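Only one structure is covered here, and it is reproduced in the block below.
The values are calculated or read from the model by the stated rules, or taken from the named source; none is laboratory data. Please read all numbers here as calculations on a predicted model, not as lab measurements. Here the Cβ is made from the backbone with ideal geometry for all residues, glycine too, and neighbour counts use every protein chain on show. Surface areas here come from the heavy atoms of the whole protein model, side chains and all, with no ligands, DNA or RNA. Shrake-Rupley method; radii C 1.70, N 1.55, O 1.52, S 1.80 Å.
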Amino acid sequence: PARLGIGSTDQVLKVSGGGPTWATPAAGALTLIKRATTTGAVNTGTTFDSVFTSTYKTYVIYINEFSAATGTSEPKFQFRFGGTTRATDYYGATQNIERSGSIVYNSNVNAVASIIGNAGVLDSSATASYTFTVNRVGNSSQKPNAYFQGIGASNQYLLSGAIFNDAAATYDGFILSAATNITVTVSVYGLATA
């Protein structure tokens, strides 16, 4: 065996001809756009601006270690455009299944934000995590949508839901918030499409 040196920026390790090699990701691969960790953000939230562009049609957002100073705060998601938070026209629902089997629904009907979990999912002793798939953003003035899965904290909630905003704009970012200060780690990826 021979030592394989480090690859170039943005290359990935793959196997070719039975051996490891560095290569540029093929079309359709996920490309990291932004990764950020915020601790003790004020309750207006943590913004992620200029992450949705015309380069990609679909985005994947990984939200790890999402907690709030008060575990009973509900996590919220809003779209942003040009540094402005959209605070109207949210529709959708979240299903929260507790480990006991009981189910709680959060519904958004022409709301100011999308509630993405029941009170209690942001407990700092066992943080929440989510995976979002976001579409209809960054390319032109459209009505964005997203669907997500996750797991909440203290009561071990299984979370799933969908978000739709009924106001068209060229959305380029989003904000995560709760009623109390939040701590969160977020990675945003663009999915290359033909």
When restricted to Ala126, Ala167, the only residue part of a loop (DSSP other than H, G, I, E, B) and in contact with an Asp or Glu (Cβ under 6 Å, 6 or more places away or on another chain) is Ala167
Can you tell me which residue in the stretch 151-169 is farthest from the chain's Cα centre (by Cα), limited to those that are within 25 Å of Ala192 (Cβ to Cβ) and buried (at least 20 other Cβ atoms within 10 Å of the Cβ)?
Asn165
Filter the stretch 170-194 down to residues that are under 18 Å from Ala119 (Cβ atoms), open to solvent by less than 10 Å² (accessible area, probe 1.4 Å) and not in a strand (DSSP E or B), then give me how many there are.
1
Qualifying position, being of a type in the set (Ser, Thr, Tyr) and closer than 15 Å to Ala126 by Cα, among Tyr157, Tyr171, Tyr147, Tyr189:
Tyr157
Selection from the stretch 76-90 of residues that are surrounded by fewer than 17 Cβ atoms within 10 Å (Cβ to Cβ) and either touching a Ser or Thr at 6+ places or on another chain (Cβ under 9 Å) or not in a loop (DSSP other than H, G, I, E, B) (or both):
Gly82, Gly83, Thr84
Exactly one of these conditions fails for Thr46: (1) β-branched (Val, Ile, Thr); (2) in contact (Cβ under 8 Å) with a residue 40 or more places away in the chain; (3) under 16 Å from Ile163 (Cβ atoms). Give me its number.
(3)
Note: among Arg136, Arg99, just one is open to solvent by 50 Å² or more (accessible area, probe 1.4 Å), charged (D, E, K, R) and under 23 Å from Lys34 (Cβ atoms), namely Arg136
Sole miss for Phe66 among (1) aromatic (Phe, Trp, Tyr); (2) closer than 17 Å to Ser124 by Cβ; (3) modelled with pLDDT under 90 is condition (3)
Subset of the stretch 33-52 (residues that are open to solvent by 80 Å² or more (accessible area, probe 1.4 Å) and either part of a strand (DSSP E or B) or at pLDDT 85 or above (or both))
Arg35, Thr37, Thr39, Val42, Ser50
Residue that is surrounded by the most Cβ atoms within 10 Å (Cβ to Cβ), among those in the stretch 1-32 that are closer than 24 Å to Val60 by Cα and free of Cβ contacts under 8 Å to residues at least 12 places away in the same chain:
Lys14
Kindly indicate the residue of the stretch 151-171 that is without any contact (Cβ under 8 Å) to a residue 60 or more places away in the chain and out of contact with any strand residue (DSSP E or B) (no Cβ under 8 Å at 6 or more places or on another chain) and also nearest to Gly138 (Cα to Cα) among those meeting that condition.
Gln156
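So, in the stretch 105-129, of the ones that are among the aliphatic types (A, V, I, L, M) and without any contact (Cβ under 8 Å) to a residue 24 or more places away in the chain, which residue ends up least open to solvent (accessible area, probe 1.4 Å)? Can you show your working first?
Step one: list which residues in the stretch 105-129 are among the aliphatic types (A, V, I, L, M), which gives 109, 111-113, 115-116, 119, 121-122, 126, 128.
With without any contact (Cβ under 8 Å) to a residue 24 or more places away in the chain added as a condition, the list becomes 109, 111.
On the way: Val109: 105, Ala111: 24 Å².
Here the answer is Ala111.
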Which of the residues belonging to the stretch 53-75 are open to solvent by 20 Å² or more (accessible area, probe 1.4 Å) and polar (S, T, N, Q)?
Thr53, Ser54, Thr55, Thr58, Asn64, Thr70, Thr72
